[in-house]
Amino acid sequence: DGGITQSPKYLFRKEGQNVTLSCEQNLNHDAMYWYRQDPGQGLRLIYYSQIVNDFQKGDIAEGYSVSREKKESFPLTVTSAQKNPTAFYLCASSPDGPLSGYTFGSGTRLTVV
Amino acid sequence: AQSVTQPDIHITVSEGASLELRCNYSYGATPYLFWYVQSPGQGLQLLLKYFSGDTLVQGIKGFEAEFKRSQSSFNLRKPSVHWSDAAEYFCAVLANQAGTALIFGKGTTLSVSS
């Protein structure tokens, strides 16, 4: 079955460390997105990519980086520059942009210890 | 800039009762509007979307939503709530067809009492 897979489901990071969250989709979707979810804050856009080898900053890109070397993969790196990284991270994809609606992964919960 | 507001943080409804979740958007023209649902610890699932035409749209799981331009609202409704509907609900907006990504409201948590 086609879908979007995020791994790991839970991730613990020590302060000062970089960590990479994986997002893979086998839906042949062109567009992919990373959102951060905090309690009572809804979803905030970190980065998005509309096509391979291209990506754009969202509203809260500081302290994060991404790459889009393959159509099916859009990993997110949380760097040590991100001051408050503890959150639930959601990856989504869509066939050709947000009008098509998103397919979401199950999320990764990142905790800084 | 476009934005979306969900005025209710938490709502409790008795099983079998009707439900209405409020969503207000801020945008000059007619936006593209969506409702998503999220079960605890999971990703989001699309319930329905409105682009144009009939202002009452039907979605999955028995949900519907009505677009009211005069009130800048896109409220989600269900005639009879089931215990499995307990979840968090998000309204989202896209300003125009060239918009790059959805903007989400802060969500409304629905609890269902027996």
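The values are calculated or read from the model by the stated rules, or taken from the named source; none is laboratory data. Keep in mind it's a predicted model, so treat the numbers as computed, not measured. Here the Cβ positions follow ideal geometry from the backbone for every residue, glycine too, while neighbour counts run over all protein chains shown. We work out accessible area using only protein heavy atoms, side chains counted, and drop any ligands, DNA or RNA first. Shrake-Rupley method; radii C 1.70, N 1.55, O 1.52, S 1.80 Å.
In Å², and per residue, what accessible area does the protein assembly as shown have when probed at 1.4 Å with the other protein chains present?
47 Å²
Counting every Cα pair in region B:22-114, what percent are over 16 Å apart?
So the portion of pairs separated by more than 16 Å is 54 percent.
What percentages make up the Cα-Cα pair-distance distribution of region A:1-56 when the bins are 5 Å wide from 0?
4, 13, 19, 25, 22, 12, 4, 0
Which longest uninterrupted range of chain A lacks any trypsin sites (Lys or Arg not before Pro) assigned by DSSP to a loop state (not H, G, I, E or B) and surrounded by at most 14 other Cβ atoms within 10 Å?
A:15-82
Hey, could you get me the Stokes-Einstein D for region A:4-100, Kirkwood radius over alpha-carbon pairs, 20 °C and 1.002 mPa s, rounded to whole µm² s⁻¹?
The calculation lands on 158 µm²/s.
Give me a single rounded figure for B:39-52: the average over its residues of other chain Cβ atoms within 10 Å of their Cβ.
Whole-number average of other-chain Cβ neighbours for B:39-52 is 4.
Compare A:W34, B:W83 by solvent-accessible area with a 1.4 Å probe and give them largest first, with all protein chains kept in place.
Result of the area sort, largest leading: B:W83, A:W34.
For A:R68, enumerate residues with amide H under 5 Å from its amide H, sequence gap 5+ or separate chain, H modeled in the peptide plane.
A:N53
Give the calculated FRET efficiency between A:T5 and B:S70 to the nearest 0.05, with a Förster radius of 30 Å applied to their Cβ-Cβ distance.
0.10
How long are the semi-axes of the equivalent ellipsoid of the protein assembly as shown, taking √(5λ) for every eigenvalue λ of the Cα gyration tensor, in whole Å from largest down?
After diagonalising the Cα gyration tensor, the semi-axes are 30, 20, 16 Å.
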